[in-house]
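Report on the following structure.
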């Protein structure tokens, strides 16, 4: 064979290799058939808006960061945040799709068979602690006996934990005065209660307050960091060791019909978590928090943000424990156990 003929055969083989993909039904740079498009694109989206019923809280900062930084839109989601104090009821009734809420407020409707279920954690730990005046006579947990203490409600996670631990470990009970955080701090200021169970950033706000002489007015006790009686031993946290806080909860029909939307929503929240955790006091993060929660100072936000351990991983053991506490107090008849959690998110958030 001559060199000229050999060269022609090589060129012909190269040309054939280039046009074969076109004969096979696609462009020469088309993705191989062994890579399904659905797998590359991720969960299928409905194209419908996701309604999040929300009550303003820095504990929902990952929602606000995801929204303000476009983490939803870059994934093809349209999200609307509607401000309401009736978020759980809105989700149960189908007027909203998702709500960030204290888990005990969601466990009750789940136990009663209503259309809501837990899909993700928001943060761990719960930051609620006991706040007292710096001159409080309380030195040991037993000193809280018959105290009037302000707190959110009898079904608040922190109230449940602190009350149960006081009763089981110290045979001590207190009287709860049910008040929202801002009102609880005001009651403490007005001396109508002797202590308050506050969450961040209201704890940080209280710890910034000073009297006329410029001295700090309040301190925290029995929170795993304090030393109430001055014996040099750090107090145990009456709320427990790293108790879980808020959860992300969804309407069950929304999950059934738009599971892809829900999964991509959680992906965006997880990205927001990483942004916040990388620098919780970054100027843009603090600004977003203050935009949504303008009734607390920026300094309180700066002081409290590092305590907010955002995560999507559900602490199922402790959450089921909260359910049992609700059974014990007669709020629900039966502990739902793992049926509290969306089975479609097993292996994702739990």
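Taking 0.36 nm per residue of separation and subtracting the Cα-Cα distance, full extension of the segment from residue 339 to residue 89 would add 88.1 nm.
With viscosity set to 1.306 mPa s at 10 °C, what whole-number translational diffusion coefficient in µm²/s follows for the stretch 111-217 from Stokes-Einstein and a Kirkwood radius over Cα pairs? Rounded to a whole number, D works out at 105 µm²/s.
Computed from label points 7 Å out along Cα-Cβ, the spacing between residue 328 and residue 168 is 0.5 nm. Angle of helix 316-328 to the longest C-alpha principal axis of the chain, folded into 0 to 90 degrees and rounded to 10: 40°.
Between the beta carbons of residue 80 and residue 208, assuming R0 = 30 Å, the FRET efficiency works out to 0.30 to the nearest 0.05. If both residues of a DSSP beta bridge must be in the chain, then about 55% of such bridges are antiparallel. Listed by Cβ neighbour count within 10 Å, with the fewest neighbours leading, 256, 75, 163, 246 appear as 256, 75, 163, 246.
Computed from the Cα positions only, the extents of the stretch 156-215 along the three principal axes stand at 40, 20, 17 Å, in decreasing order.
Each peptide in 308-319, 197-208 gets a packing score, the mean of other Cβ atoms within 10 Å over its residues, and the list from highest to lowest is 197-208, 308-319. Counting other Cβ atoms within 10 Å as a rough exposure proxy, the listed residues 120, 86 run 86, 120 from fewest neighbours to most.
With no solvent and one equal point scatterer per Cα, compute the Debye intensity ratio I(q)/I(0) for the stretch 127-186 at 0.24 Å⁻¹ and report its log10, rounded to two decimals. Log-scaled intensity ratios, in q order: -1.10.
Every helix of 4 or more DSSP H residues in the chain counts as -39500 (n - 2.57), and over all residues that averages to -11500 deg cm²/dmol at 222 nm.
For the chain, the normalised intensity computed at q = 0.09, 0.11 Å⁻¹ comes to -0.56, -0.77 (log10 of I(q)/I(0), Debye sum over alpha carbons, equal scatterers, no solvent). Three semi-axes describe the equivalent ellipsoid of the stretch 156-264; taken as square roots of 5 times the Cα gyration tensor eigenvalues and ordered largest first, they are 33, 19, 15 Å.
Annotation for residue 215 and residue 186: the two label points, set 7 Å from Cα along the Cα-Cβ direction, are 2.8 nm apart.
Shown for the stretch 78-149 is the translational diffusion coefficient from the Stokes-Einstein equation, using the Kirkwood radius over Cα pairs, a temperature of 37 °C and a viscosity of 0.692 mPa s: 211 µm²/s.
Principal-axis analysis of the Cα atoms of the chain puts helix 283-292 at an angle of about 70° to the longest axis. Classify the stretch 240-338: rounded, prolate or oblate, from the alpha-carbon gyration tensor (a ≥ b ≥ c, eigenvalue square roots; a/c under 1.5 rounded; otherwise prolate if a/b is larger than b/c)? Cα axes put the stretch 240-338 in the oblate bin.
Exposure proxy for 65, 293: other Cβ atoms within 10 Å of each Cβ, ordered fewest to most, give 293, 65. The distance between label points at residue 281 and residue 241 comes to 2.9 nm (points 7 Å beyond Cα on the Cα→Cβ vector).
All of the numbers you see were taken from the coordinates with simple rules; none came from a lab. As the structure is a computational prediction, the values presented were derived from the model and not from experiment. Reconstructed Cβ throughout: ideal geometry from the backbone, glycine too, with neighbour counts over all protein chains shown.
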